[in-house]
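Report on the structure given below.
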Amino acid sequence: MTTFRKFAYTYRMERLARRELTHGDGRRLFLYGANDGATLPQDAPGGAWPALHLRHDALRDRWVAISPARNTRPQTAPTAQTPSDETPPCPLCVGGPELPFPYEAAVFENRFPTLLASPPTPPTLEGATAPSRGRCEVVLYTPTHTGSLATLSAEELARVVAIWTDRSAELFAAPDLQAVLVFENRGEDVGATLSHPHGQIYALDHLPIHLRERVDAIAAHRDTTGTCLHCDIVATDADAPGRHLVDNPSFTVGVPFAPDWPYEVHVRARRHGARRLTDLTTAERRDLAAALRDVVHVYDQLFDTPMAYLMACHQAPRADAGPVDDWHLSFEFLPPNRGPDKLKVRATVETAAGLFINDTVPETSAAQLREVATRTAGVTHAPIPDVEVVPEGTTAPAGT
Ligand SMILES: [Zn+2]
Ligand SMILES: [Zn+2]
């Protein structure tokens, strides 16, 4: 049995070992950190997804992913310790079907994919269709069943950022992929069926409409003003203390000027050129981890209960998708709450017309969030380390 070195320390740099395995059904699994050399059972049948395809909505000029396999995924929230007929065991805990052996952090290809590296040929229909090409991955932050970006240890949090960066590097290098969306759905209020701390990554072979809108917006801004739209937003937000949430040297953290959701918060890279996770310096990666921890911590204190949210990491698409030099990396949190026990419902005007109605004044929401941030500012955290992913077989420097 092989024991891999967990970390080797060099000037607070932790080297995070990465090992790639393959599930019996062909799905890739990346193990990060220490592992005991165990292998995956190889007797599972490969997934067959003949109905998976994209359909083009000509009226809105956008693609819709047809993915009936997802309808077979579980609805009941699993539990870690006490599975019963009503609460099945967590598939993400150690010993579950995804990770049958101990792990520290991991990424695996989704058992219920919407996009595949080798998608089936799309059906010939009365409208335009296309293959569902891309990747759908699940990112396990920790083997511990409960927790969040606010409660992970400093090492676990730094690992998560390093793992997102590592996966983004490979996915952006794939010639068939245009965009990489790192995201997290947290809480039953946004439909998350698994509470185990985890996120997902979708990599797409085309720009979905909201990313295309952003590319068009930065191009139009450059054409009219000659400046970077994101640099201008960073400057505007830095001058808007009424929407500011917490100080961070590398990122602005606050409620955006025109948010859809009452407690929406954006974390945006200040530096021009920080377009993707892979562009960040080690200091910026540490600052990003701290910013994400701060935001989720504030959310969870605001109503004294974990707040559900959608979290999207927007990275610059590949350059052949459009002019993306003016893109700045951002993490955008979209919680559905408009009060302690009240949810905003995305209704007809929002869904059919695209006009979002925010039930709050952004500066008022920001003041509430800032009050929590100020009240809890004395909480001290362990320093966030630098983490460098080291693929299996890479020789560690001498003395580490
Ligand atoms: Zn679990
Ligand atoms: Zn810029």
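Where a number appears in this text, it was derived from the coordinates with a stated rule and is not lab data. Every value quoted in this text rests on a predicted model; they were computed, and no experiment measured them. Cβ: placed from backbone, ideal geometry, glycine included. Neighbour counts: every protein chain shown.
How far apart, in nm, are two points set 7 Å out from the Cα along the Cα-to-Cβ line at Thr374 and at Ala219?
Using points 7 Å along Cα→Cβ, the separation is 4.4 nm.
Can you give the Rg and Dmax of the chain based on its C-alpha atoms, in angstrom?
For the chain, the Cα radius of gyration and maximum Cα-Cα distance read 21.3, 65 Å.
Find which of Ile233, Val246, Ala283 sits farthest along the positive direction of the dipole of region 185-291, computed with +1 on the beta-carbon of Lys and Arg, -1 on that of Asp and Glu, about the Cα centre.
Ala283
Using unit Cβ charges (K, R positive; D, E negative) and no other charged atoms, how large, in debye to the nearest 20, is the dipole of the chain about its Cα centre?
Dipole of the chain, to the nearest 20 debye: 360 debye.
Neighbouring Cβ atoms within 10 Å as the yardstick, rank Val379, Val94 fewest first.
Least crowded to most crowded, the residues run Val379, Val94.
Along the Cα→Cβ direction, 7 angstrom out, place labels at His272 and Ala117. What is the inter-label distance in nm?
3.8
Mind listing the phi-derived Karplus ³J(HN,Hα) values for region 167-173, rounded to whole Hz, using 6.51, -1.76 and 1.60 with θ = phi - 60°, and x for any glycine or proline?
3J(HN,Hα) across region 167-173, in whole Hz: 5, 4, 4, 5, 5, 5, 7.
Could you run the Karplus curve 6.51 cos²θ - 1.76 cosθ + 1.60 with θ = phi - 60° over region 152-163 and give me ³J(HN,Hα) per residue in whole Hz, x for Gly and Pro?
4, 5, 4, 5, 4, 5, 5, 4, 4, 5, 5, 6
Grab the Cα-Cα distance for Glu126 and Ala321, subtract it from 0.36 nm times how many residues apart they are, and report the gain in nm with one decimal.
Roughly 67.4 nm would be gained on extension.
When a/c is below 1.5 the answer is rounded, else prolate if a/b is larger than b/c, else oblate, so apply that to region 210-375 with a ≥ b ≥ c taken from the square roots of the Cα gyration tensor eigenvalues.
Judged from the Cα gyration tensor, region 210-375 comes out oblate (a/c at least 1.5, b/c at or above a/b).
What ³J(HN,Hα) values, in whole Hz, does the Karplus curve 6.51 cos²θ - 1.76 cosθ + 1.60 give for region 35-49 when θ = phi - 60°, with x put for Gly and Pro?
Values per residue, Gly and Pro as x: 8, 9, x, 5, 10, 8, x, 10, 9, 7, x, x, x, 10, 10 Hz.
Just want the answer: with Cβ charges of +1 for Lys and Arg and -1 for Asp and Glu, which residue in Gly354, His381, Leu31 is farthest toward the dipole's positive end in the chain?
The Cα lying farthest towards the positive end belongs to Leu31.
Say each of Asp232 and Thr193 gets a label point 7 Å from the Cα, pointing the same way as Cα to Cβ; how far apart are those two points in nm?
4.4
Go ahead and estimate [θ] at 222 nm for the chain from helices alone: -39,500 (n - 2.57) per DSSP H run with n ≥ 4, summed, over the residue count, rounded to 500.
About -7000 deg cm²/dmol.
If amide hydrogens are placed 1.01 Å from N in the peptide plane, which non-local residues have theirs closer than 5 Å to the one on Leu116?
Sorted by chain and number, the residues that satisfy this are Arg133, Gly134.
Please list, ordered by chain and number, the residues whose modelled amide H lies under 5 Å from the amide H of Asp57; skip anything fewer than 5 residues away on the same chain.
So Asp57 has HN proximity to Arg62, Trp63, Val64.
Isolated Cys in the chain by the 4.7 Å beta carbon test?
Lone cysteines by the Cβ rule: Cys136, Cys313.
Can you list which of the chymotrypsin sites (Phe, Trp or Tyr not before Pro) found in region 103-159 are DSSP loop residues with at most 11 other C-beta atoms within 10 Å?
When the chymotrypsin sites (Phe, Trp or Tyr not before Pro) of region 103-159 are filtered for loop state and at most 11 Cβ neighbours within 10 Å, nothing remains.
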